[in-house]
Amino acid sequence: MNDATSFGVHRLWKDTFVSSLKPGKKGPKRCIDVAGGTGDIAIRILDSARENYADRETSVEVVDINGQMLKEGFRRFKKTMYHNTPQISFHEANAQALPTDKFMDDTYDLYTIAFGIRNCTSIPAVLKEAHRVLKPGGTFACLEFSRVNNPLLGTLYDQYSFSVIPLLGTILAGDRDSYQYLVESIRKFPPQPEFAQMIREAGFTTGRDIDGGAWSNLWGGIACVHTGVKI
Ligand SMILES: C[S@@+](CC[C@H](N)C(=O)[O-])C[C@H]1O[C@@H](n2cnc3c(N)ncnc32)[C@H](O)[C@@H]1O
């Protein structure tokens, strides 16, 4: 369905997201990909580190609240060279309250969350946990649907979102309500400056809002990458 509703564009956004993070550039990284059940981000991190920096030690711990999603990610990784290596592992846990015995303080170099934070009931709780588990100097990176500022693009996007996506949900998945929820949850997610402020309030430093350093819009803000560094 992701492919159908976005015409596969979510894959390009994920490619851009991961390549902007340059995993493996300054040596192997310990990464955690939260709400990452599909494994889409984890595979890109490992491939990017391997292909660009000959790094075969960067590792990703994939965390998701939904065991079925994790099974799907695990199944996909079975077909890859990373299967049964220390580079990948899957864990069932809530992003808002990662078990402290398993996900210890100051552990990771990179925390990623893609199209997941919007689904969590408390964004500040997720950010607080991200800050806790990252090492000082570690990077928080979030890919999420966001706000379109261009009025023309905004109108077209609204029409597509409210008319086409629920219809596609009905036709392809027999589930209009979930796709209506998707569209509405995107509109409720805080706009770029507000989310950047929440990231700072959780203890991260970000670039400046004014020159776009705090975030990077994709497709005019339909999606957006936010990053922060743990101080
Ligand atoms: C739209 S999927 C995105 C999956 C993946 N990151 C990607 O981009 O392909 C959203 C994911 O968030 C997970 N999720 C929702 N609430 C969560 C929570 N509180 N903690 C951890 N994962 C959560 C869901 O189970 C689901 O796998």
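The values are calculated or read from the model by the stated rules, or taken from the named source; none is laboratory data. The shown structure was predicted, so the numbers you read here are calculated from the model rather than taken from an experiment. Here Cβ is always computed from backbone atoms with ideal geometry, including for glycine, and neighbour counts include all displayed protein chains.
Within region 88-99, not a single residue is more than 15 Å from the ligand (Cβ to nearest atom), surrounded by fewer than 18 Cβ atoms within 10 Å (Cβ to Cβ) and in a loop (DSSP other than H, G, I, E, B). Could we say that Ala35 is among the aliphatic types (A, V, I, L, M), surrounded by 22 or more Cβ atoms within 10 Å (Cβ to Cβ) and within 21 Å of Ala125 (Cβ to Cβ) here? Yes; evaluated as a whole, the condition is true for this residue. Pairs linking a residue in region 29-52 that is farther than 25 Å from Pro136 by Cβ and touching a residue at least 12 places away in the same chain (Cβ under 8 Å) to a residue that is more than 9 Å from the ligand (Cβ to nearest atom) and aromatic (Phe, Trp, Tyr), with Cβ atoms under 7 Å and 6 or more positions apart or on different chains, are Gly39/Phe77. In region 59-86, the residues that are free of Cβ contacts under 8 Å to residues at least 60 places away in the same chain and among the polar types (S, T, N, Q) reach residues that are within 11 Å of the ligand (Cβ to nearest atom) and assigned to a helix (DSSP H, G or I) with C-beta atoms within less than 7 angstrom, at least six apart or across chains, in these pairs: Thr80/Ile43. Of all residues in region 139-162, none satisfies being within 15 Å of the ligand (Cβ to nearest atom), surrounded by fewer than 22 Cβ atoms within 10 Å (Cβ to Cβ) and among the aromatic types (Phe, Trp, Tyr). Of all residues in region 100-121, those being over 22 Å from Val18 (Cα atoms), touching a Lys or Arg at 6+ places or on another chain (Cβ under 9 Å) and either within 9 Å of the ligand (Cβ to nearest atom) or not assigned by TED's automatic domain parsing to the domain that holds Glu72 (or both) number 0. The condition of being under 30 Å from His131 (Cα atoms), modelled with pLDDT of 95 or more and small (Gly, Ala, Ser) holds for only one of Gly203, Gly207, Gly212, that being Gly203.
Restricted to region 38-79, and to residues that are outside any helix (DSSP H, G or I), in contact with a helix residue (DSSP H, G or I) (Cβ under 7 Å, 6 or more places away or on another chain) and not charged (D, E, K, R), which residue is nearest to the ligand (Cβ to nearest atom)? So the residue we want is Thr38. Residues in region 23-74 that are among the basic types (Lys, Arg) and modelled with pLDDT under 95: 2 in all.
For region 156-186, a tally of residues being over 19 Å from Val9 (Cα atoms) and among the β-branched types (Val, Ile, Thr) returns 2. Return a yes/no flag: does region 1-24 have any residue that is within 12 Å of the ligand (Cβ to nearest atom), assigned to a loop (DSSP other than H, G, I, E, B), surrounded by fewer than 21 Cβ atoms within 10 Å (Cβ to Cβ) and over 16 Å from the mean Cα position of the chain (by Cα). Yes, region 1-24 has at least one match.
Let's see how each residue does on (1) more than 27 Å from Ile32 (Cα to Cα); (2) assigned by TED's automatic domain parsing to the domain that holds Thr112; (3) among the acidic types (Asp, Glu):
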site	(1), (2), (3)
His131	no, yes, no
Ala141	no, yes, no
Phe162	yes, no, no
Leu172	yes, no, no
Glu194	no, yes, yes
Thr206	no, yes, no
